[in-house]
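Everything below concerns the one structure shown next.
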Number of protein chains: 2
Amino acid sequence: MRLYILAIVCFFINVSLQGQELEKETRKAVVELRELLSIPNNGLNAKDIQNNIDYLSKAFAKRGFKTQEIETLSNPLLFAEWIISDDKPTVLFYMHLDGQPVDKSKWDQADPYTAVLKRQNDNEEWETINWTNIAGEINPDWRIFGRSASDDKMPIVALLHSIDNLNKGQIKCNIKVILDSEEEMGSVNLAAAVKNNLDVLSADALIINDGPVHISGEPTLVFGCRGITTFHLSVYGPVKPQHSGHYGNYAPNPAFRLAQLLASMKDEDGRVIIDGYYDGIDLDDNTKAILAAVPDSPDNIHNLLQINQPELVGTNYQESLQYPSLNIRGLKSAWVGAQARTIVPDIATAAIDIRLVPESDPDRLIALVRNHIESKGYLILDREPTKEERLNNPRIATMIARGASLPFRTDLDAPISNWLKGAIKSNFKKDPILIRIMGGTVPMAPFIKALNVPAVIVPMVNADNNQHSPNENVRIGYITNAMKTFRAILTTPFDKR
Amino acid sequence: MRLYILAIVCFFINVSLQGQELEKETRKAVVELRELLSIPNNGLNAKDIQNNIDYLSKAFAKRGFKTQEIETLSNPLLFAEWIISDDKPTVLFYMHLDGQPVDKSKWDQADPYTAVLKRQNDNEEWETINWTNIAGEINPDWRIFGRSASDDKMPIVALLHSIDNLNKGQIKCNIKVILDSEEEMGSVNLAAAVKNNLDVLSADALIINDGPVHISGEPTLVFGCRGITTFHLSVYGPVKPQHSGHYGNYAPNPAFRLAQLLASMKDEDGRVIIDGYYDGIDLDDNTKAILAAVPDSPDNIHNLLQINQPELVGTNYQESLQYPSLNIRGLKSAWVGAQARTIVPDIATAAIDIRLVPESDPDRLIALVRNHIESKGYLILDREPTKEERLNNPRIATMIARGASLPFRTDLDAPISNWLKGAIKSNFKKDPILIRIMGGTVPMAPFIKALNVPAVIVPMVNADNNQHSPNENVRIGYITNAMKTFRAILTTPFDKR
């Protein structure tokens with residue numbers, strides 16, 4: 001019976017927020033976002049960051065938050081908290097206030113830090129419209145163009161304005177917010193700062209609001225991201241490039257040997273055939289069903305990439321992301337094109353990246369690749385071979401690995417996951433899209449590990465937002481949805497058990 | 001009995017020329033070579049070429065030759081002839097008077113066109129010595145440093161001075177000499193000029209005096225050279241580079257596919273495994289014995305190249321040159337090193353050269369490679385694929401082939417070959433080194449084809465002459481040997497049947 005009443009209340013709130021009130025709040029959020037976008041936020045400029053912190057400190061304080069700056073080795077972080085009640089669970093939201101640097105000359109507006117409102121005309125061109133249009137009926141497809149419109153200032157503003165429409169009694173959790181100031185620089189100082197402030201940041205759940213929702217535009221929960229490690233593999237031929245007439249057919253060609261090594265690592269469909277590479281990854285039927293349920297359109301992806309067939313590591317796009325990759329990101333030996341010379345090259349190099357999943361320890365994968373290369377008769381060094389080494393070894397390679405950025409993945413049945421699924425479902429009247437792991441890498445793993453709390457990414461912006469590029473933008477309809485999403489999260493009780 | 005007397009006469013001549021007379025003639029040749037080297041000979045400067053032609057016209061005329069310039073589309077050629085008797089066979093000598101351009105700053109002497117005489121001191125450094133040293137006892141290891149000292153002015157001077165020591169009665173052939181003026185620019189106008197002057201140039205044998213003798217320093221006959229053809233092979237992935245997080249394991253990686261294609265063309269020992277690639281090449285025991293008899297030192301080659309093992313196309317260095325090569329001379333996809341980016345590249349390209357032998361028609365080999373690539377499921381284009389082609393074909397490559405420079409090879413038992421082998425043996429008291437085909441490509445094939453005469457390369461200069469490079473040089477002992485070689489050729493009757 002109580003549940004029944006609660007459901008009616010929730011429904012009422014939703015209805016009211018889907019209507020005029022929500023449009024009114026969207027208007028206010030647009031005004032505040034426009035203001036916030038006018039403050040440049042290049043992480044390399046400490047003054048930029050401080051200006052954003054000052055603005056946002058006031059904005060959070062206005063909503064009753066207690067704020068403080070958290071020192072790091074570089075730019076400070078902004079922390080804000082609103083403790084509703086000690087017996088409520090605490091949710092920590094992570095967002096970032098810094099943005100990618102801009103090259104003004106490449107933007108279709110005078111200043112990337114002076115946001116403009118645009119709509120698409122009948123020729124699918126973006127034309128600027130007056131901000132006064134916001135006062136009338138808002139078209140959710142209009143967009144705000146400016147640096148950090150989507151990455152990552154909109155979610156911050158949406159959180160503030162969702163709170164503006166809630167009273168303390170509606171909010172079912174204590175709210176903590178950490179605003180990163182160096183996300184676009186890799187958040188290299190974040191984890192250490194967290195470790196120094198574990199009491200301040202302690203929480204029961206971490207929600208990361210960054211990145212785009214699924215391309216379909218539907219509410220999306222992302223339960224993890226792949227990590228990355230990289231290495232360079234070089235194969236050695238003669239000590240110097242040799243005349244291909246004098247030595248073609250005699251001097252070992254390092255480019256052919258590198259090709260043979262690389263070819264031996266994968267089958268024709270792109271699956272790694274090094275023994276053990278996919279060990280530990282076992283997708284059960286339930287997991288496969290979750291992956292298959294994501295409304296990716298192969299036709300759309302193939303059309304976008306202009307490919308006929310994908311690699312077949314998984315049977316669909318989401319499944320392919322559950323496995324570590326082994327990707328040649330660059331290849332070089334001597335010259336091609338007009339610079340090509342009639343030589344047997346001295347060296348051939350492949351730059352490789354491996355996207356990691358939780359089952360694939362980077363050291364283990366690198367060791368597997370290394371053992372595979374050794375099994376082909378190679379001496380593997382971490383520097384140029386000496387003359388003696390060259391004379392005494394038929395096959396020589398170098399493998400230079402760089403550090404890894406680790407993956408994270410939260411169980412889809414964990415309490416935080418069920419809570420968020422329920423919150424979205426009851427507020428949007430549909431199941432969210434569940435992304436078990438996203439393909440890209442967010443440098444969050446050390447931060448999450450330092451906090452030691454379950455984490456889920458709740459993205460908020462449109463996928464076609466030109467993130468990191470000129471003409472970054474956010475669709476206005478996504479601001480409304482972001483506020484709805486925050487409201488859903490804040491008003492749905494989280495049972496952390 | 002007559003043969004016996006002839007042998008004695010020859011012996012007498014040799015003895016006398018190996019002694020003081022030869023040293024005296026070497027002195028004179030050095031003086032003339034020094035003069036000739038003082039005339040710059042960059043083929044790009046018509047005036048340079050004309051100055052060399054003027055000097056050499058006089059030099060040949062002084063020896064009783066009739067000279068004329070032969071027009072080409074560019075620099076003229078210098079032709080000289082001395083018809084001894086209509087009933088004698090005619091030998092045409094090919095040499096070139098032009099030289100590679102110079103970068104003075106890279107030479108260890110003030111001016112590459114002001115030759116200097118050097119000897120190696122106890123620290124193996126080259127030190128300049130006074131030209132007056134030539135008047136005393138000549139050390140054959142002294143060297144003359146200057147542009148074209150070895151490539152190719154020394155042979156011209158050696159021919160002139162060998163003639164200075166012969167009377168008309170001793171010379172067993174009519175002598176024709178064609179001096180190329182654009183060899184370093186690829187002799188692109190030579191064949192056409194020859195075709196316009198077939199009567200003038202008609203001969204029974206063509207001797208090409210260019211390039212170095214075998215590294216052992218022994219008299220060398222080279223019966224051919226490999227040709228060359230080249231192509232670029234590109235494999236296509238997504239239309240633009242894609243984020244390796246979002247699309248690693250899904251977007252087909254063109255670098256891996258290129259590696260797989262290339263790897264499928266050769267075995268681990270460097271042998272081409274495309275069916276038919278080596279068709280027509282059948283080295284009989286006699287040929288194998290000739291190849292094995294060349295005193296190449298694998299240890300020396302391996303030490304020079306700093307390799308442990310060669311490819312195994314042939315069982316020795318000379319044998320490997322009897323086969324067409326398939327050499328990756330360049331490889332490129334996206335970036336390696338500091339520029340490497342976390343992408344799935346859009347394209348991967350290999351630049352390949354094929355050294356040709358007479359059995360390997362370039363069109364046939366290119367077709368074999370093409371068929372091989374098609375057999376792997378590729379659509380092969382000669383331009384970028386369209387969007388439609390990308391969407392409709394799982395594997396797309398381009399193959400852009402460029403024209404070929406053809407090989408030539410004269411039978412080692414042809415009359416010209418037996419004549420030259422005999423001439424060297426009787427004059428040097430040892431068999432010459434027989435190079436069935438050299439690995440590099442000399443653009444002589446169209447010239448030889450236009451003349452339609454059997455041709456053999458009789459090289460004259462030291463292998464360590466820094467040809468085409470700064471500090472080009474010739475060892476003085478090789479001048480003496482060159483004069484001996486010309487004398488051997490001119491005084492040994494050629495039976496052209």
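The values are calculated or read from the model by the stated rules, or taken from the named source; none is laboratory data. Being a predicted model, the structure only gives us computed values, none of them experimental. Here the Cβ is made from the backbone with ideal geometry for all residues, glycine too, and neighbour counts use every protein chain on show.
When A:Ile457 is tested against the conditions (1) surrounded by fewer than 23 Cβ atoms within 10 Å (Cβ to Cβ); (2) of a type in the set (A, V, I, L, M); (3) touching a strand residue (DSSP E or B) at 6+ places or on another chain (Cβ under 6 Å), the lone failure is (1). The residue list A:Lys153, A:Lys172, A:Lys168, A:Lys176 contains one member that is touching a Gly at 6+ places or on another chain (Cβ under 9 Å), over 28 Å from A:Ile228 (Cα atoms) and in the same structural domain as A:Leu22 (by TED's automatic domain parsing), which is A:Lys168. Pairs linking a residue in the range B:176-192 that is within 16 Å of B:Val453 (Cα to Cα) to a residue that is of a type in the set (Gly, Ala, Ser), with Cβ atoms under 6 Å and 6 or more positions apart or on different chains, are B:Lys176/B:Ala203; B:Val177/B:Ala80; B:Ala191/B:Ala450.
Can you find even one residue in the range B:393-416 that is of a type in the set (Lys, Arg) and without any contact (Cβ under 8 Å) to a residue 60 or more places away in the chain?
No, there is no match, as no residue in the range B:393-416 is of a type in the set (Lys, Arg) and without any contact (Cβ under 8 Å) to a residue 60 or more places away in the chain.
With respect to B:Gly439, determine if the residue is within 18 Å of the chain's Cα centre (by Cα) and more than 26 Å from B:Leu77 (Cα to Cα). Criteria met by B:Gly439. Looking across the range A:256-274 at every residue that is in contact (Cβ under 8 Å) with a residue 60 or more places away in the chain and part of a loop (DSSP other than H, G, I, E, B), the one that is nearest to B:Gln322 (Cα to Cα) is identified as A:Ser264.
Per the listing B:Lys47, B:Lys28, the residue uniquely of a type in the set (Lys, Arg), loosely packed, with under 15 Cβ neighbours inside 10 Å and farther than 23 Å from B:Ser469 by Cβ is B:Lys47. Taking the stated definitions as given, is B:Asn253 crowded, with 23+ Cβ neighbours inside 10 Å, free of Cβ contacts under 8 Å to residues at least 24 places away in the same chain and in contact with a Gly (Cβ under 8 Å, 6 or more places away or on another chain)? So B:Asn253 does not fit the description; no.
Tell me which strands (runs of 3 or more DSSP E) are completely within the range A:370-442 and hold 3 or more residues being assigned by TED's automatic domain parsing to the domain that holds A:Ala205 and at pLDDT 95 or above, or say none if there are none. Answer list for the range A:370-442: A:433-435.
Go through the range A:315-352 and give me each residue that's farther than 30 Å from B:Leu305 by Cβ, more than 7 Å from chain B (Cβ to nearest Cβ) and not in a helix (DSSP H, G or I).
A:Thr315, A:Asn316, A:Gln322, A:Pro324, A:Leu326
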